[in-house]
Amino acid sequence: MDLIESPVQFDGIWLGGHVATMEGGQYHVIHDAAMGVKDGRIAWLGEASQLPEYQAQQCHDLQGAWITPGLIDCHTHLVFGGNRAGEFEQRLNGVSYQQIAQQGGGIAASVRATRDASEAELVASSRRRLLSLMQDGVTTVEIKSGYGLSLESELKMLRVATELENTLPITVKRTCLAAHAMPPEFADKDAYIDHLCEVVLPKVAALGMADAVDAFCEGIAFSVDQVDRYFKVAQSLDLPVKLHAEQLSSLGGTRLAASYQALSADHLEFMEEADVAAMAKSGTVAVLLPGAFYTLKETQLPPMDLLREYGVKIAIATDANPGTSPALSLRLMMNMACTLFSMTPEEALAGTTIHAATALGIDKTHGSLALGKVADFICWDVESPGELCYWLGGNLVKQRVQQGVVT
Ligand code: DI6
Ligand code: FE
């Protein structure tokens, strides 16, 4: 019997450049690489000199460019009505946060504006912000609710996130952050948490509107006990959890999150060694948010040495929100993670690729470049991957590829 060797078929092949695969959280460089894509997945990846005979519908010459996995922004509050630039200006003219809050500003202002906005208005304003992230290399984004704080308006925010995914070349993971702040209708925090447990979470789960559940555990928000009750219900509904923890003070929210095998605990400036140990044990990712650290002029640094010592995976995200992090570039956050948190450029890139994928529970398919993984990647006009963290701003994207399609 004749054995006919037929050429390998690709929808597209990329040649003439270099690849940082980010496997295992390291650059893992392939120089003079070739990457073949078929049906939206990576079908071949290695040194070009090893390529078998192939046929490709499209051939892309990288001209020396670098390919990395598409960036993953694993913590954003991208959907909201209005903005708070006016408060930013007020503060710089000497009005305090407290005074602004007393005048009905702060999160309450964003809740009002989000409730008042139509779904179409929210799609339009969020879309502009999302396009900025995408143009800077983001191929997957997490979007939280949390400025609605009523069943209807939380669902509205989650529908907007769904609509963004349906109309743009981006993967969106939706998180229900109904326990973000107190809505004006409730005076008692326990009563609001009861409402979330009895009504909001079951409905969100039944409609399949969220991939995860999040809360803000802080003196100005919800206590460890309240978050515990809310997480118990999330768990019973098979929804993974994540938590805003130890941002302004140390309450032990991180340990609670770890006890629920949380996907991530986020912010973490005030975490202690016992929190780090608990995260290492549960495999919970530490999501650091340098945009909020910078905007709040925080001086307490997250415990980088302890996180490294215990081998906790570290992700970096924009925390894009109208109050504490109006950030529209994930690459700028990578630069800030290096400068403010002493991360290396390699750690920062791992933090917006493979570790960010783990923080969203999608690392089997996303976050690094390997055979069979989703072909989400960026071709960058840089001479080395370290440049991605080096430039403050600028447009370094040469080509953006989502599920194998140039977008
Ligand atoms: N932590 C924060 O820093 C933001 N939310 C949160 O849970 C604040 C959001 C805002 O000010 O609108
Ligand atoms: Fe946040």
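Bear in mind that the values in this text are calculations on the coordinates, not laboratory data. Remember, predicted model here, so these are calculated numbers, not experimental data. Cβ sites come from the backbone with ideal geometry, for glycine too, and all protein chains shown count toward neighbours.
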Can you tell me how region 338-394 classifies by the Cα gyration tensor, rounded, prolate or oblate, using a/c under 1.5 as the rounded cut? oblate
Out of all DSSP beta bridges in region 225-354, what portion is antiparallel? Express it as a percent rounded to 5. 10 percent
Let me check I've understood the local charge: for Gly404, count other residues with C-beta under 15 angstrom from its C-beta, Lys and Arg +1, Asp and Glu -1. What total comes out? +1
Could you tell me, in Å, what Rg and Dmax come out for the Cα atoms of the chain? 21.6, 85
Cα centroid separation - region 127-187 against region 219-247, whole Å: 18 Å
Label-point separation, Leu248 to Gln403 (7 Å along Cα→Cβ), nm: 4.0 nm
Among Leu243, Pro303, Thr344, pick out the residue whose Cα is farthest towards the positive end of the charge dipole of region 242-349, where Lys and Arg carry +1 and Asp and Glu carry -1 on C-beta, about the Cα centre. Leu243
Simple spin-label estimate for Asp188/Lys203, 7 Å along Cα→Cβ, in nm, reads 2.1 nm
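Assign one of three labels to region 168-282, namely rounded, prolate or oblate, based on the Cα gyration tensor with a ≥ b ≥ c the square roots of its eigenvalues; rounded applies when a/c is under 1.5, prolate when it is not and a/b is larger than b/c, and oblate otherwise. Before the final figure, lay out the partial values.
Details: a/c = 1.67, a/b = 1.19, b/c = 1.40.
Taking the square roots of the gyration eigenvalues as a ≥ b ≥ c, region 168-282 is oblate.
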Relative to the longest principal axis of the chain, what angle (0 to 90°, nearest 10) does the C-alpha long axis of helix 119-135 take? 50 degrees
In Å and from the alpha-carbon atoms only, list the Rg and Dmax of region 293-407. 14.9, 43
For a footprinting-style exposure proxy, rank Lys297, Lys398 by other Cβ within 10 Å, fewest first. Lys297, Lys398
Tilt of helix 224-236 relative to the longest C-alpha principal axis of the chain, in degrees (0 to 90, nearest 10)? 50 degrees
Which angle from 0 to 90°, rounded to the nearest 10, does the C-alpha axis of helix 107-116 make with the longest principal axis of the chain? 80 degrees
